[in-house]
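Asks: Quick one: the structure is below, questions incoming.
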Amino acid sequence: MEKQLGTVAYWIGVISAVLAVITRLLAVLGHFALPAATAGRNPISYRSFLDGAMLFFVMAIASSVAMWVKQQKS
């Protein structure tokens, strides 16, 4: 279970990081303006994807540590 969770979290983190880089580049070039793309009152920006990437990478690391601890106990 931990291995599957770690794998899925890792790849979602990679996708989020790539989207963060792409949206940041588009923002720098002035092409990323989506006034309709809002989450409540906060607009969606590269920072949203960056925060998501960090969350999923931490989740992948935590599941890897959980697997390691489980292996050390047995």
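The values are calculated or read from the model by the stated rules, or taken from the named source; none is laboratory data. Values in this document were obtained by computation on a predicted structure and should not be read as measured data. Quick reminder, even Gly has a Cβ in these numbers, built from the backbone with ideal geometry, and neighbours come from all protein chains shown.
Asks: Just to be sure I understand the filter: pairs with C-beta atoms under 8 Å, separated by 6 or more residues or on different chains, first member in region 51-74 and within 22 Å of residue 18 (Cα to Cα), second member surrounded by 14 or more Cβ atoms within 10 Å (Cβ to Cβ) and of a type in the set (Ser, Thr, Tyr). Which pairs pass?
Replies: From region 51-74, the pairs are 52/16; 53/16; 56/10; 56/16; 57/10; 60/10.
Asks: Of everything in region 28-74 that's of a type in the set (A, V, I, L, M), outside any helix (DSSP H, G or I) and in contact with a Ser or Thr (Cβ under 9 Å, 6 or more places away or on another chain), which residue is modelled with the lowest pLDDT? Give the derivation first.
Replies: Taking region 28-74 first, the residues of a type in the set (A, V, I, L, M) are 28-29, 33-34, 36-37, 39, 44, 50, 53-55, 58-62, 65-67, 69.
Now narrow it down to the ones that are outside any helix (DSSP H, G or I): 33-34, 36-37, 39, 44.
In the following step, the residues that additionally are in contact with a Ser or Thr (Cβ under 9 Å, 6 or more places away or on another chain) were identified as 39, 44.
On the way: 39: 59, 44: 73.
For region 28-74, the residue satisfying everything is 39.
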